[in-house]
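Step one of this worksheet: look at the structure below.
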Amino acid sequence: MPIILAAIFMVALDFFIVNVAIPSTQRELNASPAAIQFIIAGYWLSLATGLIIGGRIGDLYGRRRIFLIGLACFTAASAACGLAPTAEFLVAARIAQGLSAALLMPQGLAILGVVYTGAARARAFTAYAVTLGLASVCGQLIGGILIETDLLGLSWRNCYLVNVPIGITTLLLTLRFVPESRAENRTRLDFVGTVLIAAGLVALVLPLVEGRERGWPMWTWIMLAASVPALAAFVRHQRALLARAGGPLIDVRLFRERAFSVGLVVTVLFNMLMGSFFLFLAIYLQEGQGMTPLQSGIIFTPIAAGYFITSLRAEAISQRLGRHVLTVGSVVMFIGLIITYMIVSDIGIGGRTAVLVPGFVLAGAGMGLVLAPLTNTVLANLDPEYAGAASGVLATSQQVGGAVGVAIVGVVFYNRLEGFTDPMTYAPAFLAGVLWLIGFAVAIGLLVQFLPRHRTVAN
């Protein structure tokens, strides 16, 4: 368990830690705005488009083997990022990081689903969700500490190089302790499906992560429109392949399981909320309130505390409440966001960061009550034969949800800032974004009512 979770923590951390490193990276490498965008977007795009393929590869060729390959490549790519001599080199290394993470991430979740059964599987999935959430919440703080301490004078490079000793240690422990597993009925990798899903996801995710920065040019709308027929063609191909007893990347019968299909929609909505909240809160604190990366990272601590406390208890609570643990979580998130909105709109912050603690604790507590049991809800009763593919679909829904949330809330946030340079304008922009987050929380609470009433745990 600690081996898998250490690897997952690294991958999730690299989403958020890089935001803190961007200003110093831009100065040292004299990076253009386009290069800076792709340092972030390259990782996100390559990971999101490769997760489903990576999950299926693990089913076919061995989940431990592909986990090791992904972990080794991720560690090497992290070293390349930390030693990058130019911005272009760093962009290429970040893309390599994302592709490596796409091999690694679904294997970790699939291995947990195969190795553990019954109540132990539920606890394993809860531990996975706790780790994922803590990496997301603590990324800002960890990045701020690494840059502030400036170990060996490496500044922003430490945000990448910290992965190297962790990755090497995890590699060695994986060889010793993690068992191999794979699908019993192995077939060839679906090449046509691989091309279709990659093309469809690139066409969907790239405009979402790049559109706002570039002013939503015509090519972004063309790509978004093209993603629909590409993904539809992928679904048709998967159904045809299944009908003739082939080996599809995704067995579409998975979506007949209501907990899986509805759970994926809830996952998308939840990551729309969490991804956009963390990003625009960091921008508001640093640009609007003039905080350093470390200071703004410390502000995230109440969110992390609330998340950690409830996520540890979420599985026990879900045994009593079933799907309604997610309902409770969405309500607590809603209350936390409402309190945050009221405090910022009524009295602002003005250096009094303590006023944010109640709302942030509740928001984090609600996130813990949703994310921890949600992973188990989606995956608990699926056939281990497709553990990797199902894990890839779940992880992809998380990344796509984050991209969609940032795109939607980003339009609202930056439209309120357009034409203004006064830091005081960041508060109205942040509040406009929070209103959308409140709407996401309400939608989550409504959607979870369509989940099965009583969750069953596979033995």
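The values are calculated or read from the model by the stated rules, or taken from the named source; none is laboratory data. Owing to the predicted nature of the structure, the values given are computational and were not obtained by experimental measurement. No Cβ is skipped: glycine too gets one built from the backbone with ideal geometry, and neighbour counts run over all protein chains shown.
Any idea which of A7, A34 is aliphatic (A, V, I, L, M) and touching a residue at least 12 places away in the same chain (Cβ under 8 Å)? Only one candidate qualifies: A7.
Within the range 177-186, is even one residue touching an Asp or Glu at 6+ places or on another chain (Cβ under 7 Å), in contact (Cβ under 8 Å) with a residue 40 or more places away in the chain and of a type in the set (A, V, I, L, M, F, W, C)? For the range 177-186, residues touching an Asp or Glu at 6+ places or on another chain (Cβ under 7 Å), in contact (Cβ under 8 Å) with a residue 40 or more places away in the chain and of a type in the set (A, V, I, L, M, F, W, C): present. Among the residues of the range 229-238, not a single one is among the small types (G, A, S), closer than 29 Å to I40 by Cα and modelled with pLDDT under 90.
Would you mind stating whether P358 is at pLDDT 85 or above, under 17 Å from the mean Cα position of the chain (by Cα) and assigned to a helix (DSSP H, G or I)?
Judged against the criteria, P358 is not a match.
Would a scan of the range 62-75 turn up a residue that is aliphatic (A, V, I, L, M), assigned by TED's automatic domain parsing to the domain that holds M10, farther than 23 Å from L5 by Cβ and in contact with a helix residue (DSSP H, G or I) (Cβ under 8 Å, 6 or more places away or on another chain)?
Looking for residues that are aliphatic (A, V, I, L, M), assigned by TED's automatic domain parsing to the domain that holds M10, farther than 23 Å from L5 by Cβ and in contact with a helix residue (DSSP H, G or I) (Cβ under 8 Å, 6 or more places away or on another chain), one finds none in the range 62-75, hence no.
State all residues of the range 73-108 that are under 17 Å from V393 (Cα atoms) and either β-branched (V, I, T) or surrounded by fewer than 24 Cβ atoms within 10 Å (Cβ to Cβ) (or both); if no residue qualifies, say none. Selection gives L99 alone. Of all residues in the range 45-72, those being of a type in the set (F, W, Y) and surrounded by 24 or more Cβ atoms within 10 Å (Cβ to Cβ) number 1. Among the candidates P217, P179, the residue that is over 22 Å from F38 (Cα atoms) and not aromatic (F, W, Y) is uniquely P179. Tallying residues that are buried (at least 19 other Cβ atoms within 10 Å of the Cβ) and either of a type outside the set (S, T, N, Q) or in the same structural domain as R416 (by TED's automatic domain parsing) (or both) within the range 213-246 yields 5. Going by the structure shown, is A34 outside any helix (DSSP H, G or I) and either assigned by TED's automatic domain parsing to the domain that holds R212 or over 20 Å from V393 (Cβ atoms) (or both)? No.
Screening A101 with (1) more than 24 Å from L371 (Cα to Cα); (2) within 23 Å of the chain's Cα centre (by Cα) gives one miss only, at (1).
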